[in-house]
Every structure is written in structure tokens, then in C-alpha cells.
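Chemist: Dropping a structure here in C-alpha cells format, bear with me for questions.
The values are calculated or read from the model by the stated rules, or taken from the named source; none is laboratory data. Note that the structure is predicted; figures quoted are calculated from it, not measured. Heads up, the Cβs are rebuilt from the backbone with ideal geometry, glycines too, and the neighbour counts pull from every protein chain shown. Ligands, DNA and RNA are excluded from the accessible area calculation, which covers all protein heavy atoms including side chains. Shrake-Rupley method; radii C 1.70, N 1.55, O 1.52, S 1.80 Å.
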Amino acid sequence: MSKNDNTQNLIDAALAAMPMAYAPYSKFQVGAAILDETGTIHTGVNVENAAYPQGSCAEAGAIAAMVMAGGKTIQAIAVAGRGDLLCTPCGGCRQRIREFAPLDTPILICGEDGLKATFTLDDLLPESFGPDHLTKE
Ligand code: THU
């Protein structure tokens, strides 16, 4: 499978996940899809809670699915949400992605009609703190 096919599959996976989100409070459904180093795609959605701070983001769900499946590295991640504005990952999720992704990892921002913008992780989380900071000499 070519890289372009991989990218389109990732976008399609994020869009397919989006309507599965549990977002009764914000009504803002988000889907996320991660391509790992084996070529496997892992998806997640936001899951809100009546105790609002207990809600979780789509990216967090996709990362948990990747870890559970044995994936080690995020090669690309697609995030899909509706509306005119770009559904970019929240600050906390940028840091969550940082744990498993090199700085040049593409973050594909999608709307209902597909890809709207592409950033690298370094674009969205410059001068970041990551696992390398804690590696022993
Ligand atoms: N949300 C995500 O799942 N991912 C993002 O990148 C941005 C925001 C969710 C959290 C909450 O359930 C809803 O969108 C509104 O903030």
C-alpha cells in the first residue's frame, strides 16, 4: 500500500469513528485515528461524562487503543471534527501525542468533507518536553 493510500485510510478511519463519539454535553463529536509503525490503524472518540472533567478526548482513546494493541510509535494521526474551525488537538492531547511521536509526525486535521490542514507535531507543540528529557545518561 502506498503512503497516499495509508493517509487516505487514516482520514477515512477518523471520519468513520467521529459519529461513534459520546458527546451529549458539548455535542461536539471528535474521531481520531493513529497509524502505528506496523501500518496498523487505531481509532478513538471523545467520551464525555456528567462530571465534566472526567471526559476524555478522541486522541486519548486512540492512543490507549494503540498501546493496548502493542503499537509503539505514532507515524501519523488524523483528527476529525465538524464545524468551520480546524479541529486541532487540545494542548493536553498534543503532549499525549508527543509521548509516542517524533517531532515531524504529521497531524492531519479533518472536517466532514475530509482533510483540511496538515501540521507537524513540532508545529503544534514547539520546544516540547518529551521522553528524551528523562533518558538516563
Ligand atoms: N475534543 C477532543 O476529543 N479532541 C480534541 O482535539 C479537541 C476536543 C473533545 C473534548 C470534548 O468532549 C469536546 O471535544 C468539546 O471540547
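Chemist: In what order, largest first, do Thr105, Thr38, Thr88 sit by accessible area if the probe radius is 1.4 Å?
Modeler: Thr38, Thr88, Thr105
Chemist: Pull out the extension gain between Ala117 and Val67, defined as 0.36 nm times the separation in residues minus the alpha carbon to alpha carbon distance; nm, one decimal.
Modeler: Full extension from Ala117 to Val67 adds 15.4 nm.
Chemist: Which is the longest run of the chain containing none of the chymotrypsin sites (Phe, Trp or Tyr not before Pro) found in DSSP loop states (not H, G, I, E, B) with at most 14 other C-beta atoms within 10 Å?
Modeler: 29-128
Chemist: With bins 10 Å wide starting at 0, give me the P(r) of the chain over every alpha carbon pair, in whole percents.
Modeler: With 10 Å bins starting at 0, P(r) equals 13, 45, 33, 8, 1.
Chemist: May I ask you to list the GluC sites (Glu not before Pro) in the range 28-80 that are in a DSSP loop and have at most 16 other Cβ atoms within 10 Å of their Cβ?
Modeler: Glu37
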